[in-house]
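Working notes for the structure below.
The values are calculated or read from the model by the stated rules, or taken from the named source; none is laboratory data. All values reported here derive from a predicted model rather than from experimental measurement. Don't worry about glycine lacking a Cβ; one is built from the backbone with ideal geometry, like all the others, and counts go over all protein chains shown.
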Amino acid sequence: MTKNSLEIKELKVEQAFILSERLTAESKEYLKHFIPFAEYSEGYIKKILSERKLDRYFGLFFNEDLIGFYMLRGFDKGFDIPSYGVWISSKYSNKGLSTLTLYHAFSFCRLNQIKTLMLKVHPDNSVARNLYEKLGFVRVGLDEKIGHLIYHKII
């Protein structure tokens, strides 16, 4: 059996290129409900990563290859409740990686005395909604601007 590694570590500015490359390589259909940034260009992602202060962007690496990322953001805009968002490469979907990022986020929040986590999900994304509800997220509203359901979880 080959020993493969799976790591979650904070994304660095130098990794903006690979994140941009991976996101733009995905089909529009696969990303249709994922709206993390205004655009996926390397420059735009580099700007976000270089200007962040309290927001966190974590990469998922399989054998040093970026296969996904998740973010906890909103702190830099003054919010007490971070917004969670995740992207897993379509090549690695349905392998429990989104769940892994959620447990990582829960632990990060607990270690940093963050009491509530927020996320938004498209109403048609039943797979994600089912996962979030199974893990204790409760629907609290609707983002009228983009039509996504808003969920909170007390950590």
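A few notes on this one:
- Number of the exception - Tyr30 against (1) closer than 30 Å to Asn4 by Cβ; (2) among the aromatic types (Phe, Trp, Tyr); (3) out of contact with any helix residue (DSSP H, G or I) (no Cβ under 8 Å at 6 or more places or on another chain); (4) surrounded by fewer than 16 Cβ atoms within 10 Å (Cβ to Cβ): (3)
- Residue in region 111-133 that is at pLDDT 95 or above and small (Gly, Ala, Ser) present: no
- Boolean, Lys77 is surrounded by 12 or more Cβ atoms within 10 Å (Cβ to Cβ), out of contact with any Cys (no Cβ under 7 Å at 6 or more places or on another chain) and of a type in the set (Lys, Arg): no
- Residues in region 64-75 that are among the charged types (D, E, K, R), in a strand (DSSP E or B) and farther than 11 Å from Arg22 by Cβ: Arg73 alone.
- So Phe61, is it in contact with a Phe, Trp or Tyr (Cβ under 8 Å, 6 or more places away or on another chain), assigned to a strand (DSSP E or B), at pLDDT 95 or above and closer than 19 Å to Lys9 by Cβ: no
- Number of the condition not met by Trp87 [criteria: (1) assigned to a strand (DSSP E or B); (2) of a type in the set (A, V, I, L, M, F, W, C); (3) without any contact (Cβ under 8 Å) to a residue 40 or more places away in the chain]: (3)
- For region 117-131, filtered to residues that are assigned to a helix (DSSP H, G or I) and in contact (Cβ under 8 Å) with a residue 24 or more places away in the chain, the residue that is nearest to the chain's Cα centre (by Cα) is Ala128.
- Apart from one condition, Ile114 fits all of (1) part of a helix (DSSP H, G or I); (2) over 21 Å from Leu31 (Cβ atoms); the exception is (1).
- Ile18 vs. criteria part of a helix (DSSP H, G or I), surrounded by 12 or more Cβ atoms within 10 Å (Cβ to Cβ) and in contact with a helix residue (DSSP H, G or I) (Cβ under 7 Å, 6 or more places away or on another chain): no
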